[in-house]
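Asks: My questions will all concern the structure given below.
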Amino acid sequence: MFLGVLLSATAAAEDSVEEYEGLIEQVIVTAEKREQPLQDVPLAVSSFGSEDLQRLVVNETTDIGKYVPGLVFYGTTGSNNRGVAYIRGIGQWDPHPANSSRVPLYVDGVYVGNQMGLNGAIYDIERVEVLRGPQGTLYGRNTIGGAINVISRKPTNEPGSSIEVRGGEQGYLEARGHLNGPIAGEALAGRLTFQRAVRDGLVKNDFDAGDDSENLNRWSMRWALRWLPPDSGLVADYVFEHSEFNESDTADRLGAVLDRGWVARGIVPRTVALGPSRPGDPFFNSDRAPNGSRFYADTTVDFHALSVGWNVGPDLSLTSITGWREMENSNMNDLDGTEALVLSFGTDVIHEQIYQELQAVGTAIDGVLEYVAGATFFNETFETDQDNFFLTSPVNRGRGVDADNDAWGAYGQASLHASPRLTLTTGARYTEETKKHFVELFANGATGDFMSNFDNFSPMIRANWNWNDSVMTYLGWSRGYQAGGFPARPPTTSRAFLVPYDEEIVSAWDAGVKTQLFDRRVQLNVAGYYYDHKDQQISNYIVEANGVTIDNAGKSRIRGIEAELRASPTDSLDLMVNAAWNNGRFLEYIQTDPVTGQDVDVSESRVHIRSPRRVLSGSARFSFPVAAASELSATLSFDYTREQYSNVNPNAPAVRSYSPNSRTLWDLRVQLDDALGREGMWFAFVGQNITDKEYIAFGVDLANLGWTMARWGPPRLFWAEFGMRFGQAR
């Protein structure tokens, strides 16, 4: 019935489509390694251009999650520059480099294998693409939940520049800008981008000797070159980006004291009631960790990407993508929200990666067959030292985990246009990888070398049917693969816990409909999915051993439906509404009873973390001309999320008191473009969380220790912007 309504609604519009292009801009994406209109891609894909990101108040990477159905994107404890993503209830909660993200980030085509340092500024970006669901064929291992593509703006030969200055509450100051233009005639162009941001701590530390938390002190720059040799069919893009974060730790505070015996014994002399993270509220951080270190979070990232493309002919293009990234992170965090030295965690990490991909994209049989083929290689090395201090003891109960991991894969995908309406697609990827870990347990000096090999074959099949120029439906099955490995935070008391875990597999059915209705003033996309998730990698915190083991303990079913609506009912009004319903349920969850030693199925009492049942988001933008050729626009956007669990210890029953609660956040942006009749000048007034909603953003379950931790989201923040653009290039 639903499809019949869509077909009848578009029938009247078909005759006028050619002469009237509509008000919703056609978005071009590269989700399937070739340029395609978003509405022609038979996948659940969300895409945002630079203007979308600006009006929706997307300042950091994690802000993307507010407007993508099924995506939960957040910063973890210890440092706000760590970005952790879940799509449809599948993700990786621990950003340690030994734990590969299940929703990885690709920056200018380069796979980023480490979640630390991901939550930086979103600026001078051409577009962001979010692919929902397993992407095992074209994107490979560890994309079991989906993939996020960030594509930066490329240099052009048109001279241009911009400057943007922001100022607001809590000492917030930020400057952004770019310079673009030719370097050597028409063959070589360059683009330089910079960003610098500072802000006082949002959470005041009432312990006089300690530092405030949740501040900003970061800067970044990007240098891009584009080489276009005349009449060669070649294009080469090089990007270098450097980012630095020198900030305080996050404001983690005591959530629920589950064992009052700690307080009775004076271990927690003054606890803080669970409350919002806002200036002036009581909050306590000690001034120093037991080793004398201050509490801080410092990260430096260097990133290089080189993409060389060659149009061999009208039916074939070859591309080489080479990437190198180095990340250094050092942090010490007070994780109890009291002035007592109850629990302190510190980590020093050096992570380096190399990524290489070769692609061939082409057509054959006069365009009847489209294909993509390629090969990838990935190497990462990292060195980590973890310092854990527990219950005011100066004894270091940490560990060192170093690694050298290699992975390579070969993939292919082909689409056959069997008729003007029917397209059949199939593809597969084969992956092999080797993981080598060296572990040292500081508590007893034990060391060990460990190595495991993994391989996987991930196929996919899909069919899509174009009912007319405005309605397309698709149905597909694919397999997603998450590599196995070794625990990143192994218990520090015994080598018996240092055992590898196996890979996990998702078998996924996806179906959807994509439509453009009413003279392309309305765009509605709906997607449904059904997953069988097997051999899930489950973390288990062992308090007596001060560490986390990972077991393949679970089997679950995930199903849901998502909808994305964009509409331009008038020339002055743009609307966007996104919705998602997700239901994940464990079917089998085997846990060994610590008393009897028997394996027990505890699936009925376990929940999926970072998996809200319902989410709803959207925006309304109203614009109209004003005097002196200016335009005034106002965008009101919202993000509603049901409660969810944020459980670092899934092998214990979930605790609601520290987990993210239901909340609706409202953002506002009012902007005057071409201000004072000056083309390229704008003023803006921006507010985040304008209703000052109090909500828990992140939590950690330390129930085995007797308490939980919670961190509250930012309060209401307002700032003003002034910007100028010069020249033709944006």
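Asks: Identify the GluC sites (Glu not before Pro) of the stretch 27-92 meeting these criteria: DSSP loop state and at most 13 other C-beta atoms within 10 Å of the C-beta.
Replies: Filter output for the stretch 27-92: E35.
Asks: How large is ³J(HN,Hα) for each residue in the stretch 461-470, as worked out from phi by the Karplus curve 6.51 cos²θ - 1.76 cosθ + 1.60 (θ = phi - 60°), to whole Hz, x for Gly and Pro?
Replies: Once θ is set to phi - 60°, the couplings for the stretch 461-470 become 9, 7, 10, 9, 10, 8, 5, 6, 5, 10 Hz.
Asks: From Cα coordinates alone, what are the radius of gyration and Dmax values for the stretch 409-469 in angstrom?
Replies: 22.4, 69
Asks: Probe radius 1.4 Å, ligands and nucleic acids ignored: give me the carbon and sulfur share of the accessible area of the stretch 35-175 as a rounded percent.
Replies: Heavy-atom surface of the stretch 35-175 belonging to carbon and sulfur, 1.4 Å probe: 50 percent.
Asks: Work out how much length V368 to D200 would gain on full extension: take 0.36 nm times their residue separation and subtract the Cα-Cα distance, in nm to one decimal. Can you show the working numbers first?
Replies: Values: separation 168, 0.36 × 168 = 60.48 nm, distance 5.89 nm.
Stretched out fully, the V368 to D200 stretch lengthens by 54.6 nm.
Asks: Okay, next question. What is the magnitude of the charge dipole of the stretch 101-157 about its Cα centre, with +1 placed on the Cβ of each Lys and Arg, -1 on the Cβ of each Asp and Glu, and no other charges, expressed in debye to the nearest 20?
Replies: Taking the Cα centre of the stretch 101-157 as origin, the dipole is about 160 debye.
Asks: With the other protein chains left in place, how much accessible area per residue, in square angstrom, belongs to the stretch 531-640 at a 1.4 angstrom probe?
Replies: Each residue of the stretch 531-640 exposes 47 Å² on average to a 1.4 Å probe.
Asks: Continuing with the same structure: Considering only protein heavy atoms, what per residue accessible area in square angstrom results for the stretch 422-522 with a 1.4 angstrom probe?
Replies: With all protein chains present, the stretch 422-522 gives 40 Å² per residue.
The values are calculated or read from the model by the stated rules, or taken from the named source; none is laboratory data. Every value quoted in this text rests on a predicted model; they were computed, and no experiment measured them. Positions of Cβ are backbone-derived with ideal geometry, glycine not excepted, and every protein chain shown enters the neighbour counts. The area values use the complete protein model at the heavy-atom level, side chains included, leaving out ligands, DNA and RNA. Shrake-Rupley method; radii C 1.70, N 1.55, O 1.52, S 1.80 Å.
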